[in-house]
């Protein structure tokens with residue numbers, strides 16, 4: 001009788017602990033994938049090339065994260081951000097100023113993984129057409145307001161004013177599902193961000 005009464009408390013607590021533990025482990029794996037892939041991106045690895053995409057897919061599989069080149073349970077957004085200076089505007093023939101001057105903008109965006117849903121970055125709202133390698137031209141960087149990384153300055157990272165050629169490399173991993181879900185102990189997935 002006492003065991004039956006206590007099991008009504010202990011069994012859900014035990015199951016919740018197991019679910020939480022597996023999901024916490026998954027969050028660590030997502031964070032590790034984000035750091036490792038972001039580090040590679042910052043060193044110039046182009047994940048749009050097939051051999052590098054295969055390497056990234058293998059890394060994700062080894063970490064038990066289901067993200068493949070064009071499918072899976074989530075995606076990775078690689079972005080490169082810079083501060084547009086007056087020198088950048090002048091070099092492009094826009095003397096005086098340009099619309100994105102003194103703003104942080106995306107200069108490169110690459111998506112790896114499932115792109116069927118609403119792919120996004122937490123740093124801004126770039127037009128979806130820019131999520132392809134080589135799609136951001138200098139004129140777009142200087143003039144397109146959708147390329148402004150509106151939330152980048154909130155990260156506490158700042159560049160030296162009026163000094164062109166400064167970049168931040170960002171990797172963001174979004175995983176839509178958890179390995180184990182159970183009622184109130186589940187959520188919508190995992191997210192991690194690394195900046196280099």
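Its alpha carbons give region 1-47 an Rg and a Dmax of 19.9, 65 Å.
Between the helical axis of 2-42 and the longest alpha-carbon principal axis of the chain there is an angle of about 20 degrees. Taken along the Cα-to-beta-carbon direction at a fixed 7 Å, the label points for residue 129 and residue 13 span 5.9 nm. On a C-alpha basis, how far is the centre of region 1-58 from the centre of region 124-150 in Å? Whole number, if you could? About 31 Å separates the Cα centre of region 1-58 from the one of region 124-150. The gain in end-to-end length when the residue 151 to residue 196 segment is fully stretched comes to 14.6 nm, 0.36 nm per residue minus the alpha carbon separation. Taking the longest Cα principal axis of the chain as reference, the axis of helix 50-62 is set at about 30 degrees. For the chain, taking Cα atoms only, Rg and Dmax work out to 20.9, 84 Å respectively. Per-residue extension of 0.36 nm, minus the Cα-Cα distance of residue 25 and residue 2, leaves a gain of 4.9 nm for this segment. Here region 1-91 is treated as a Stokes sphere of Kirkwood radius computed over C-alpha pairs; at 10 °C and 1.306 mPa s its diffusion coefficient rounds to 95 µm²/s.
We did not get these values from a lab; they are worked out from the coordinates using the rules stated. All values derive from a computational prediction rather than experimental measurement. All Cβ positions, even for glycine, are placed from backbone atoms using ideal geometry, and neighbour counts span all protein chains on display.
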